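J.: Before I ask anything, let me first share the structure, which is written out below as structure tokens.
Read-outs: derived from the displayed coordinates by stated rules, not from any lab. Bear in mind that the values here come from a model prediction, so they are computed numbers and not experimental data. Using ideal geometry, Cβ is built from the backbone for each residue, glycine included, and neighbour counts are taken over all protein chains shown.
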Amino acid sequence: MNKKAQMICVWCGPLCGLLFAIGAVFLGRFIPPLVAPSDGALVVARKWAEHTGEIRVGAMICVISMSLITPWGAVIAAQFRRLEGRFPVLSYVQVICVAVGTTVVVLMSMFWAVAAFRPTSYSPETVMMLNDIAYYLFLFTWTPFVIWALAVALAVFTDTGEGPVYPRYVGYISLWTGLLFCGAAGMEYFKTGPFAWNGVMALYVPVVVFFIWLAVLTVETIKNLNRGNFHDPAEMDGTPTFAHLQEA
């Protein structure tokens, strides 16, 4: 049962990516952004009024997709939990970062939904502000994601056992993922260019590397589960599990 539960959780990652593509790219048009940070309030309000229906559906699908980060992140932390023993500090760091990260991206979807709730009744400045807040929640909250990726990298690099939880290359991908998330740090200073919230470094690079990282960890976690590397209550009593008997 534990393996089935973990397998369900790990497949939440690809499902998150699929739903996010549908909600954020094809329907909500949050990526590429329907409006630019350099657009004025009247332009933003007009575009939101013209695409209210698609934005509402897109925001609803986004809030579902972003919620799926929680079970996916939990199963990744669970894999490292068996490595760390009695004091699983890095596993706890990952779980906390997953919780914080999920919260902010769910709130991101909520602000897009609020802006689309009555775009013709709000003042144009209010619609613009709600959209700005959504992108800030999406991108400017890069720090917990950096810490999460670096915690995964550190856990991989400090795993010196004969049968490592994840291959070494996962650590390097996690390290680069954390570093590339930092491109969103400059978005508060720019309304145009690569560091604006519609720019390459602030938006596209972090989003692309996150989903590459998600795909890599998903594949390697599925391999772990199929090899029998999952927690079973019988292990707590020192009783060999069926998976471990198969390995023996």
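J.: Taking the chain as the reference, fit the longest principal axis to its C-alpha atoms, fit the long axis of helix 89-117 to the helix C-alpha atoms, and give the angle between the two in degrees, 0 to 90, nearest 10.
T.: That works out to roughly 30 degrees.
J.: Putting +1 on Lys and Arg Cβ atoms and -1 on Asp and Glu Cβ atoms, find which of G58, I212, Q79 reaches farthest to the positive end of the dipole of the chain.
T.: In the chain, that residue is G58.
J.: Helix 69-84 against the longest principal axis of the chain: what's the angle in degrees, Cα atoms only, rounded to the nearest 10?
T.: 30
J.: Also: Using the Cα centre as the reference, give the magnitude of the dipole from point charges on the C-beta atoms of the chain (Lys, Arg: +1; Asp, Glu: -1; all else neutral), rounded to the nearest 20 debye.
T.: With only Lys, Arg, Asp and Glu charged at Cβ, the dipole is about 320 debye.
J.: Points 7 angstrom from Cα along the Cβ direction at A49 and V208: gap in nanometres?
T.: The answer from the label model is 3.6 nm.
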